[in-house]
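Worksheet: the structure to be examined is printed underneath.
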Amino acid sequence: MKMVFLGPPGAGKGTLAALASVRMGFAHISTGDLFRAAVKDGSELGKKVKNILDEGRLVPDELTIALVRERLSRSDAELGWILDGFPRTTGQAEALETIASPDWVVNFDVQDSVILTRLTGRRVCSGCGKIYHIVSMPPAVEGKCDVCGADLYTRPDDSETSIRTRLSAYRSQTAPLIEWYSKKGTLVTIDGTGSPESVYERFVEAIKA
Ligand SMILES: [Zn+2]
């Protein structure tokens with residue numbers, strides 16, 4: 001099964017994609033992770049991506065599509081995949097159609113005020129990448145990862161200014177996709193508020209129907 005998870009930053013797409021990929025045996029493909037991997041390898045491409053992310057801007061289509069195309073060609077994506085954070089524009093959606101056509105496009109609906117609370121409290125492990133939240137999912141020891149003991153940090157793109165920039169970029173660029181996929185008949189919209197487990201239940205019900 002080929003799926004796209006759609007929704008504003010902080011809608012819980014990543015958490016849900018991680019849950020669903022483990023339970024259903026599909027590859028979880030996050031463009032955020034693809035970007036961070038490119039930044040880490042320190043190439044010219046990676047440096048470009050780093051500057052864009054630090055400023056809270058969206059990575060250009062051409063660059064993103066090249067990274068996604070390469071990722072979907074790997075063997076672990078053969079059985080199925082969940083694309084998390086891609087496509088973000090109708091241009092990207094058209095480009096994706098030339099690689100593969102998603103069976104389901106799942107739209108996670110969450111209000112801006114909920115997103116701000118979620119994202120400003122988010123902390124990420126500098127060692128293994130595990131995601132915490134200072135209110136809803138705190139580590140046992142403040143500032144330290146439960147799994148590997150490394151320091152937790154706040155991503156530069158999780159500052160309030162950066163979040164507001166990302167939300168307005170989402171509303172203007174990604175929201176038309178909801179219309180685009182709706183016309184194709186592959187769109188399902190689910191309520192993205194509440195615990196990951198309750199959102200997962202809604203998701204399973206929606207793709208069963
Ligand atoms: Zn860790």
*Around Gly194, with a cut-off of 11 angstrom between Cβ atoms, what is the net charge of the other residues, counting Lys and Arg +1 and Asp and Glu -1?*
-2
*What ranking of His28, His133 emerges when the number of other C-beta atoms within 10 Å of each C-beta is taken as an exposure proxy, fewest first?*
His133, His28
*Only Lys, Arg, Asp and Glu count, each charged at its Cβ (+1, +1, -1, -1), so figure out the dipole size of the chain about its Cα centre, rounded to 20 debye.*
140 debye
*Where in the stretch 64-95 does the amide nitrogen come within less than 14 Å of the point 7 Å from the Cα of Leu45, taken along Cα to Cβ?*
64-74
*Could you give me the ³J(HN,Hα) list for the stretch 111-128, computed from phi with Karplus coefficients 6.51, -1.76, 1.60 and θ = phi - 60°, whole Hz, x at Gly and Pro?*
6, 3, 5, 5, 5, 4, 4, 5, 6, 5, x, 6, 10, 10, 6, 6, x, 10
*Would you pull out the residues with amide H under 5 Å of Trp81's amide H, same chain only if 5 or more places away, H placed 1.01 Å from N?*
Lys2, Met3, Ala27
*Once the principal axes of the Cα atoms of the stretch 2-208 are found, what is the range along each, listed largest first in whole angstroms?*
47, 42, 35
*asked:* What are the ³J(HN,Hα) couplings of the stretch 17-30, residue after residue, when phi is run through the Karplus curve with 6.51, -1.76, 1.60 and θ = phi - 60°? Round to Hz, x for glycine and proline.
replied: 5, 5, 4, 5, 5, 5, 6, 9, x, 9, 6, 9, 10, 9
*Which residues does a label at Ser101 reach in the stretch 170-202, if reach means a backbone N under 16 Å from a point 7 Å past the Cα toward the Cβ?*
180-187
*Gain in length, Ala140 to Lys208, computed as 0.36 nm per residue apart minus the alpha-carbon separation, to one decimal in nm?*
20.8 nm
*Estimated vicinal HN-Hα couplings, Hz - the stretch 45-57 in sequence order (Karplus 6.51, -1.76, 1.60; Gly, Pro = x)*: 4, x, 5, 4, 4, 4, 4, 5, 5, 4, 8, x, 8
*What is the local net charge at Asp146, summed over the other residues whose Cβ is closer than 15 Å to its Cβ (Lys, Arg +1; Asp, Glu -1)?*
+1
*At 7 Å along the Cα-to-beta-carbon direction for both His133 and Asp191, put a label point, then send me their distance in nm to one decimal.*
1.6 nm
_Cβ-based charge dipole, the chain, positive-most Cα from Gly185, Pro138, Ile52_ = Ile52
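We did not get these values from a lab; they are worked out from the coordinates using the rules stated. This structure is a prediction, so every number in the text was calculated from the model and none was measured. Note: ideal-geometry Cβ built from the backbone for every residue, glycine included; neighbour counts use all protein chains shown.
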